[in-house]
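Asker: Got a structure here, written out as structure tokens. Questions coming.
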There are 2 protein chains.
Amino acid sequence: MGIAERKHRQKQALRERILDAARRIVVREGFAALSMRKIADAIEYSPATLYLHFESRDHIAHALCAEGYAQLLASFAPLAQIADPAERLRALGRAYVAFGVAHPETYRLIFMEDPSYTGAALAGAAGVSEDDTAGDAALQIMIDALDELRGAGRLSGSVASTEPAVWAEALWASLHGIVALNLTCSVFPSAPLETLVGVTLDAWLGEPQAAGAGASTSAAGRGKKTAARRRPSTASSKHTAPEPATKRKAAGP
Amino acid sequence: MGIAERKHRQKQALRERILDAARRIVVREGFAALSMRKIADAIEYSPATLYLHFESRDHIAHALCAEGYAQLLASFAPLAQIADPAERLRALGRAYVAFGVAHPETYRLIFMEDPSYTGAALAGAAGVSEDDTAGDAALQIMIDALDELRGAGRLSGSVASTEPAVWAEALWASLHGIVALNLTCSVFPSAPLETLVGVTLDAWLGEPQAAGAGASTSAAGRGKKTAARRRPSTASSKHTAPEPATKRKAAGP
DNA sequence: GTCTATATGAGGATAGAC
DNA sequence: GTCTATCCTCATATAGAC
């Protein structure tokens, strides 16, 4: 039955081409600009063909979300090997923000557009599990690190008495806030991103203890006189190609 | 010249009716559903008439943003009288989040849609000032409180050494993250909102000192076993009518 | 499976009559 | 000032030929 398999492969290949084209459009022009016509044009097929592979525009968006979230998780993987849980948490936090600014439209699609997209991302990347709550893998990584940290008795004050899951969600929210404001509000970052992330991580994890080996985060992480302005376009992602900032309307009136 | 004045009043009145209708639509169906036709239908005028009062749909959105931000600032006003700066900051933080969940579509429009909308909100509410940076009034309130706090020498560790403007922005980002995740990600709040806000404020401000008079925030602010789920729909706003949650797509996959 | 052609409907914005 | 009528663009989705 090699013929059937070849056909199946071809079908999968076209599906991938569709997703590739869709991703490119989202990355370059934002999700709002994603249309079936544009995708069809890009891959040089007719719009009708798309519907043989995806039920609707939304299903394409869901697939993109799952891809993006998997990419985010992948960027976390190497950091899981950092032995010190506090340093690991800091690294994860920085990686999270870095992903957000490096892939603004992807991040927007997953976390800022629609609840169903977020759901699709989490579920899609966690295998095809369809239990009650698929559970957020990224969140679990943070919770684990925090548990370790607490086990080591290295937590101060309010952190120690807080439920880890709550703490992790709150930290996630803080990081999301930094990314989200950065992507949406041009007024926002009068302080450079790294500074904000550093300050935030310090607030949640306490001052980094000088005991560790690796060069600590907040070395350059304290703001002096609000030095640099504007987003630094660091794009310090070792991942894939960063997305150029989509041209939204103007900034200040 | 009474005639001219009456005409002017009438014109203003219609402008208000347009904005009212637009606000209702945004509140009930979300900004994406706001169209000139719908507004026209709602006020029983022809679509063309709208263009005599607003240059475009975007200009209407800008006006709505300015209104919404003014409302947010108004909800802050009474809190400015809290003597203790730490308690004041906590109250401001809670009010901010409360506004966000009580007026989700308004919040979304101002802070999560488009940079130009955020800009319009800040500039519009700060009078018609058109200096370089209109500056964010809400942010300034926080910075002032922090300055006081530092003056009183009541800051611990990392906070003391951080530039107040940076610190304020970072705290803002944290609160924004809580609101934004709550509005977008149905997966998110496994912990109740109040808990997250409490934990976050503790992280930034330190444990509330029992010295003060008022009943402290985080009395009920520590999460026990992740008790309640789902957004509590507290709607603890003393302001105007809260916005019912707009039906976005479904939550989980 | 893939295409052309088209149904259907939405939206923003404008021209020109009253 | 206000309306009617209209232009134009763009979208999703389907029918039916190849």
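The values are calculated or read from the model by the stated rules, or taken from the named source; none is laboratory data. Keep in mind that this is a model prediction, so the values were computed, not measured. Methodologically, a virtual Cβ is constructed for each residue, glycine included, from the backbone with ideal geometry; neighbour enumeration extends over all protein chains shown. Calculation scope for accessible area: heavy atoms of the full protein, side chains included, ligands and nucleic acids excluded. Shrake-Rupley method; radii C 1.70, N 1.55, O 1.52, S 1.80 Å.
Asker: How charged is the neighbourhood of B:Glu16? Take every other residue with its Cβ under 13 Å from the Cβ of B:Glu16, and add Lys/Arg as +1 and Asp/Glu as -1.
Answerer: Around B:Glu16, the charge tally is +4.
Asker: Considering the range A:61-219, what Rg and Dmax in Å follow from its alpha-carbon atoms?
Answerer: Considering the range A:61-219 through its Cα atoms, Rg and Dmax are 15.8, 45 Å.
Asker: Placing a label point 7 Å from Cα toward Cβ, how far apart in nm is B:Asp144 from its equivalents in the other copies, listed shortest first to one decimal?
Answerer: Counterpart label points of B:Asp144 in the remaining copies fall at 4.8 nm.
Asker: Separate question: What do you get for Rg/Rh of the range B:35-92 when both radii come from the Cα atoms and Rh is the Kirkwood radius?
Answerer: 1.31
Asker: For the range A:1-43, which GluC sites (Glu not before Pro) are in a loop by DSSP, counting at most 12 other Cβ atoms within 10 Å? Please report the intermediate quantities before stating the final value.
Answerer: Values: sites: A:Glu5, A:Glu16, A:Glu29; in loops: none.
For GluC sites (Glu not before Pro) across the range A:1-43 that sit outside H, G, I, E and B with at most 12 neighbouring Cβ atoms in 10 Å, the list is empty.
Asker: Here is a follow-up. Could you pull the copy-to-copy label distances for A:Arg28, with points set 7 Å along Cα to Cβ, in nm to one decimal and sorted shortest first?
Answerer: So the distances to the same position in the other copies read 4.1 nm.
Asker: In the range B:1-54, what percent of the accessible surface is made up of carbon and sulfur (1.4 Å probe, ligands and nucleic acids excluded)?
Answerer: Exposed carbon and sulfur together represent 53 percent of the surface.
Asker: Which residue in B is nearest the B/A rotation axis when you measure from the C-beta atom, and what is the distance in Å?
Answerer: B:Gly177, 1
Asker: Can you pull the Rg over Rh of the range B:1-54, Cα-only, Kirkwood?
Answerer: 1.07
Asker: Report the local net charge at A:Val159: Lys and Arg +1, Asp and Glu -1, summed over other residues whose C-beta lies under 9 Å from its C-beta.
Answerer: That works out to 0.
Asker: Taking N as the number of residues in the range A:1-102, what is its alpha-carbon radius of gyration divided by 2.2 N^0.38 Å?
Answerer: Against the empirical 2.2 N^0.38 Å value, I get 1.41 for the range A:1-102.
Asker: Hey, another quick one. Looking at the range A:49-151, which GluC sites (Glu not before Pro) are DSSP coil and have at most 12 other C-beta atoms within 10 Å of their C-beta? Please list the in-between numbers first.
Answerer: Working: sites: A:Glu55, A:Glu67, A:Glu87, A:Glu105, A:Glu113, A:Glu130, A:Glu148; in loops: A:Glu55, A:Glu130.
When the GluC sites (Glu not before Pro) of the range A:49-151 are filtered for loop state and at most 12 Cβ neighbours within 10 Å, A:Glu55, A:Glu130 remain.
Asker: If you don't mind, there's one more thing I want to ask. Taking each residue in A:183-196, count the Cβ atoms of any other chain within 10 Å of its Cβ, then average. What number comes out?
Answerer: Partner-chain Cβ atoms within 10 Å, mean over residues of A:183-196: 6.
Asker: Once the label point is set 7 Å along the Cα-to-beta-carbon vector, what list of distances in nm do you get between B:Glu55 and its counterparts in the other copies?
Answerer: When each copy's label point is compared with this one, the spacings are 4.3 nm.
Asker: Using the beta-carbon distance between A:Ala245 and B:Glu44 and R0 = 25 Å, what value does 1/(1 + (r/R0)^6) give for FRET efficiency, to the nearest 0.05? Don't jump to the answer; show the numbers that get you there.
Answerer: Values: r = 42 Å, r/R0 = 1.68.
The pair A:Ala245/B:Glu44 has a calculated efficiency of 0.05.
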